[in-house]
Amino acid sequence: METKYIFVTGGVVSSLGKGIISSSLACLLKARGYRVTIQKFDPYINIDPGTLNPYEHGECYVTVDGHEADLDLGHYERFTNVPTTRANNVTTGRIYQSVIDKERRGDYLGKTVQIVPHITDEIKRNVKYLGNTGNFDFIITEIGGTVGDIESLPFLESVRQLRWELGQNSLCIHLTYVPYIAAAKELKTKPTQHSVKSLQEVGIQPDILVLRTEKDIPAEMRRKIALFCNVAPDSVIQSIDVNSIYKVPLTMHGQHLDEIVLRKTGVTPEGEPDLGRWLEFIEKMDSATETVNIGLVGKYVELQDAYKSISESLFHAATNARRKLNLVYIHSEKLTDANVAEKLAGMDGIIIAPGFGQRGIEGKFVALKWCRENDVPTFGICLGMQCMVIEFARNVLGLEDANSTEMNPKTTQNVIDLMEEQKSISNLGGTMRLGAYECELRPGSKAAEAYGATTISERHRHRFEFNNDFRSRFEEAGMACVGENPATKLVEVVEIPGKRWFIGTQYHPEYSSTVLSPNPIFASFIKAAIAYGEEKAGK
Ligand code: GLN
């Protein structure tokens, strides 16, 4: 079968969930046996989101091949169970960089380099890159931003050209919003009509409309939208708010989105998608009555997208353990020795979040000391693991000045230090230790037990590491370095074996948890938290 290209654009407002609609469609096509990948084109100038503050753009996701990517790639992986790579996320910055490099090499043979055709050709080349590998039947391309933005114009122009070139092997899904005006008790279709008009103005006729809405849109109203927008009535689909993003594939399938996409791209739909394991997950989620309470100690509490992959991984683990996840975000800047017991006592397990810089770090030490002394299941991720090491050094080894050189470059007790290969690096973009690396786990450790294996591979994003000069002192005092990189001896996992569950990982296991293959270390942590919760309740 020829590769089919599905474009997903958005209108009216941002944050409508293009990523979830793209992921849900991919999930359904995958469940029908097709080979699918999703890619995101972001209209901003940054080369990648690696240098963006989480306040700007939420979590920075990391692919196996070490690309710092938009958080939507996390959804793509969680819904499809297919790893993404650097090719799945392209920004305006990358497009321009590549065109300018070609210009400097002289590739354009004296021509004036312009947005059309040079930038658009470069965008088109990137859109088709994964399709040309022959590895996929469907390439879903999400165009970031909203129709009408100045910066997304070259992307839309490229989509227009590709629709023309690819004919039936492509289609466009446009996602819009149908607001409910409470005072008038009415749903309003005008913003959708305007948004489709804007898309038509740049030469794109959407084939399918997906309408985000809080209330059921009556069939009559959907027919009206179809009429105004030149879209077939059965191709106007509503995406009504549901209590979990993982139900969106089901609501989309309920309105035949997958079949419509197949028919419109010239493929005859056969049978039904095999959603067995997906439905099993939904059943566990819906039937869970008891709760597991997890506290996440971090500095971005008002911005939950900053910890998206962690919260989703915890959700996968809790659901599989047939529990509802009650995830409480605890502001690390506000934690003190005086209030820590009150803030953490209700929790069955604590996560110490990843991060950068000094802000909020002392609160993480306060939380860790309390968790360690009270033997609460505790999971430190990346900076969280480094904080575990520092807290242990200060309060158990008596190294009062212990710190990471990230926070105090002058500390004499640099238990966390800059990695050797980082010392000569000055650029910030894309220069951390990124992507998947192997880790050997000590047989018999809780970490090895969690994975059921002693060789694992997980993704990374850091510049600092455990300082091996201190290793024997930690081991003697009871904090074991149970995971290390076989090539460099970099410490990947620490744990206190005597505790219920006290593990820190230098890597980010949250990047590799999907609905169909949840990450084992989160499963193990949640299991320990449930057991602790039951013990506290005297069960
Ligand atoms: N700031 C720490 C480092 O660079 C931890 C990074 C993180 O938590 N992702 O090593």
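Derivation of every value follows stated rules applied to the coordinates shown; laboratory data play no part. Keep in mind that what you see is a predicted model, and the values were worked out from it rather than measured. Heads up, the Cβs are rebuilt from the backbone with ideal geometry, glycines too, and the neighbour counts pull from every protein chain shown.
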**Message:** Taking just the alpha-carbon atoms of region 413-534, what radius of gyration and Dmax come out, in angstrom?
**Reply:** 15.2, 50
**Table column - 3J(HN,Hα) (Hz), region 235-246, Karplus curve with 6.51, -1.76, 1.60, x for Gly and Pro** = 9, 9, 10, 9, 10, 7, 3, 10, 7, 8, 4, 6
**Request:** Kindly express, to the nearest 10 degrees and within the range 0 to 90, the angle between helix 276-287's C-alpha long axis and the longest C-alpha principal axis of the chain.
**Result:** 60 degrees
**Asked** Once the mean 1/r over all distinct Cα pairs of region 229-299 is inverted, what Kirkwood radius in angstroms do you read off?
**Response** 15.2 Å
**Request:** Using only Cα positions of region 12-161, each an equal point scatterer, no hydration layer, compute I(q)/I(0) via Debye at q = 0.12, 0.20 Å⁻¹ and quote the log10 values to two decimals.
**Result:** -0.51, -1.34
**Message:** I need the per residue convex hull volume for region 70-129, using only the alpha carbons, in cubic angstrom as a whole number.
**Reply:** 87 Å³
**Prompt:** Amide H to amide H, which residues 5 or more places from Lys4 or on other chains are under 5 Å from it, using H placed in the peptide plane?
**Reply:** Phe138, Ile139
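Considering Cα pairs under 8 angstrom that are at least six residues apart, work out the relative contact order of the chain and quote it in whole percent.
In percent, rounded to a whole number, it is 15.
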**Request:** Work through the residues other than Lys410 whose Cβ is under 15 Å from its Cβ and net out their charges, Lys, Arg +1 and Asp, Glu -1.
**Result:** -4
**Asked** So between Ile115 and Glu186, what do we pick up on full extension, going 0.36 nm a residue minus the alpha carbon distance?
**Response** 21.3 nm
**Request:** Please compute P(r) over all alpha-carbon pairs of region 296-344, binned at 10 Å starting from zero, and give each bin as a whole-number percent.
**Result:** 25, 43, 29, 3
**Item:** Centre separation in Å (Cα based) which lies between region 193-229 and region 424-487
**Value:** 51 Å
**Complete:** Using the Kirkwood formula on alpha carbons, the hydrodynamic radius of the chain in angstrom works out to 24.9 Å
